[in-house]
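Peer 1: Below is the structure I would like to discuss, written out as structure tokens.
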Amino acid sequence: MAERKYAFSWNLLGDLELGRPNLGPTTRLEVYRLMQFIFRDVIEQRFGTAEADAIFYEAGKLAGCHFYQNIFGHITDFHEFVKSLQSVFKDMGIGILRIEKADLEAGSFILTVSEDLDCSGLPELNYEICVYDEGFIAGLMESFTGKCFKVKEIDCWCTGDRTCRFTAELIKG
Ligand SMILES: [Zn+2]
């Protein structure tokens, strides 16, 4: 692709104080979910299920990288990073983040997100749906560590677990 029209930049999120003096920076969650699940429907129809998942993971990862750069870029200590992630996730209404396992040396983590932005309250579907979140967490982890991670959701509201649980494993080699 010679010239990009839509390369993301944080500026695209806009000046909300200027642009939304009456409505403010929040919207109803249904609107966010409507957009996410409609995108996934259309992408799957056009490119198939596997490609739709790959696109969602990649998009989540790019979002995670930008999110990291713009909010956590100055942090070098892991515990400070986790604390800061927890408070930002809560303040922005993304979810309630907990770390169940953090083996920094092995690069092996388990984390949970309750009241997750993407899936809490959805009907049970027999599959984990938070592929965008997997990518988002991978983007955060990779940005912080400078190493590659594979993130997989192993429990989800949609599989009856009432919290989303993710493994994050360092990709070695
Ligand atoms: Zn989930």
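Peer 1: Please return the longest stretch of the chain lacking exposed loop sites, where chymotrypsin sites (Phe, Trp or Tyr not before Pro) count only if DSSP places them in a loop and at most 11 other Cβ atoms lie within 10 Å.
Peer 2: 7-126
Peer 1: What does the C-alpha gyration tensor say about the overall shape of the chain? Classify as rounded when a/c is under 1.5, otherwise prolate if a/b is larger than b/c, or oblate. Present the calculation step by step, with values, prior to reporting the outcome.
Peer 2: Numbers: a/c = 1.25, a/b = 1.10, b/c = 1.13.
Verdict is rounded for the chain.
Peer 1: When only C-alpha pairs under 8 Å and at least 6 residues apart count, what is the relative contact order of the chain, in percent?
Peer 2: 21
Peer 1: Here is a further query. What are the GluC sites (Glu not before Pro) within the range 78-173 that DSSP puts in a loop, where the Cβ has at most 16 other Cβ atoms within 10 Å?
Peer 2: Numbers: sites: Glu80, Glu100, Glu105, Glu115, Glu124, Glu128, Glu134, Glu142, Glu153, Glu169; in loops: Glu105, Glu115, Glu124, Glu128.
Sites meeting the loop and neighbour criteria: Glu105, Glu124.
Peer 1: Want the number for Ile38 to Met1: 0.36 nm per residue separation, take away the alpha-carbon distance, what's left? Can you show the working numbers first?
Peer 2: Details: separation 37, 0.36 × 37 = 13.32 nm, distance 2.61 nm.
Result for the pair: 10.7 nm of gain on full extension.
Peer 1: Projected onto the charge dipole of the chain (+1 at Lys/Arg Cβ, -1 at Asp/Glu Cβ, origin at the Cα centre), which of Phe37, Leu117, Gly24 gives the Cα projection farthest towards the positive end?
Peer 2: Gly24
Peer 1: How much length would be gained if the chain were fully extended between Phe8 and Thr49, taking 0.36 nm per residue of separation minus their Cα-Cα distance, in nm to one decimal? Show your work: numbers first, answer last.
Peer 2: On the way: separation 41, 0.36 × 41 = 14.76 nm, distance 2.44 nm.
Net length gain for the segment: 12.3 nm.
Peer 1: Sticking with this structure for a sec: Return the loop-located trypsin sites (Lys or Arg not before Pro) in the range 106-173 (DSSP other than H, G, I, E, B) with at most 14 other Cβ atoms within 10 Å of their own Cβ; answer none if there are none.
Peer 2: Those satisfying the criteria are Lys147, Arg162, Lys172.
Peer 1: Okay, helix-only estimate at 222 nm for the chain: each DSSP H run of n ≥ 4 adds -39500 (n - 2.57), divide by all residues, round to 500 deg cm²/dmol; what do you get?
Peer 2: Theoretical 222 nm ellipticity from helices: -14000 deg cm²/dmol.
Peer 1: I've got another one for you. Tell me the label-point distance for the pair Val31, Asp91, using the 7 Å Cα-to-Cβ offset, in nm and rounded to one decimal.
Peer 2: It works out to 2.2 nm between the two label points.
Values in this text are rule-based calculations from the coordinates and carry no lab data. Just so you know, these numbers come straight off a predicted model, no measurement behind them. Cβ coordinates were reconstructed from backbone atoms using ideal geometry, including for glycine residues, and neighbour counts include every protein chain displayed.
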